[in-house]
1. With respect to A142, is the statement that it is crowded, with 19+ Cβ neighbours inside 10 Å and aliphatic (A, V, I, L, M) true?
2. Would you confirm whether or not region 60-73 contains a residue that is free of Cβ contacts under 8 Å to residues at least 60 places away in the same chain and β-branched (V, I, T)?
3. Restricting region 101-139 to residues that are of a type in the set (D, E, K, R) and buried (at least 22 other Cβ atoms within 10 Å of the Cβ), which is farthest from F174 (Cα to Cα)?
4. If you take the residues in region 41-99 that are polar (S, T, N, Q) and either at pLDDT below 80 or in contact with a strand residue (DSSP E or B) (Cβ under 6 Å, 6 or more places away or on another chain) (or both), which one is farthest from A136 (Cα to Cα)?
5. What are the pairs, 6+ residues apart or on separate chains, where a residue within region 128-152 that is farther than 15 Å from F162 by Cα has its Cβ under 7 Å from a residue that is polar (S, T, N, Q) and assigned to a helix (DSSP H, G or I)?
6. Suppose we filter F116, F103, F91 for residues that are closer than 20 Å to F46 by Cα, assigned to a helix (DSSP H, G or I) and free of Cβ contacts under 8 Å to residues at least 24 places away in the same chain; which single one remains?
7. Take the conditions crowded, with 17+ Cβ neighbours inside 10 Å, part of a helix (DSSP H, G or I) and modelled with pLDDT under 95 and apply them to T151. Does it pass?
8. Looking only at region 93-100, decide whether some residue is surrounded by 14 or more Cβ atoms within 10 Å (Cβ to Cβ) and under 20 Å from V57 (Cα atoms).
Amino acid sequence: METNNKAADAMEISAPQPPPQPSRSPRSSLTISGIGILVLRVLTLFFLLVALILISVDKGSEPAEDGGRNQIKFDDLHSYKYMMAAIIIGFVYNLGQMALSIFNVVSGKRLIKGDFGFLLDFSGDEIISYLLATGAAAGFGATLDVHSTLTDYLDVHFDSFFNKANASASLLFFGFMFTASSSVFASYALPKNV
């Protein structure tokens, strides 16, 4: 019998063992997606901050025919007011979501537990991305329409003013793109967790 046990032990030892598969813990995949979302939030905040600065300091002045000055500010146009409101709301939302993302990456846990947290991420990103997109569209539209009207009919140009407003709308559009991308990440978490 002892011979049979030695033969069985030899077979167990000589049988090749499959290499161990690296396992991905839920924490590592949560951290990887959390870092991706955090990067998108930081980029969104950067673009929205620069867009806010550009639109808030935007004003123009040109000589008038009567010897005075024609002046224009961003708050003279409702579209630019809407664009600024969209920037501020998007900035505040992304600042709050960035704080949640930092907590998520550092601790490996979600601060808002359960399905509500995932729904908040996805729904919030969707709503804010639409707001940012419509704000950018309003800015682009106002720039094109009002600038051409002033130039064609009143021979007043305000090129610098409209260039800054257009740059602000462009940055707002990039903020929309990053928020929409964040929404895609959030949508991947929905089917698994909701």
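1. Values: crowded, with 19+ Cβ neighbours inside 10 Å: yes; aliphatic (A, V, I, L, M): yes.
The answer is yes for A142.
2. no
3. Across region 101-139, the extreme among qualifying residues is D121.
4. Among those that are polar (S, T, N, Q) and either at pLDDT below 80 or in contact with a strand residue (DSSP E or B) (Cβ under 6 Å, 6 or more places away or on another chain) (or both), it is N70.
5. Partner pairs satisfying both residue conditions: I128/T179; S129/T179; S129/S183; L132/T179.
6. Among F116, F103, F91, only F103 is closer than 20 Å to F46 by Cα, assigned to a helix (DSSP H, G or I) and free of Cβ contacts under 8 Å to residues at least 24 places away in the same chain.
7. The answer is no for T151.
8. No, region 93-100 has no match at all.
The values are calculated or read from the model by the stated rules, or taken from the named source; none is laboratory data. What you see is a predicted model, and the numbers here were worked out from it, not measured in a lab. Backbone-built Cβ (ideal geometry, glycine too); neighbour counts: all protein chains shown.
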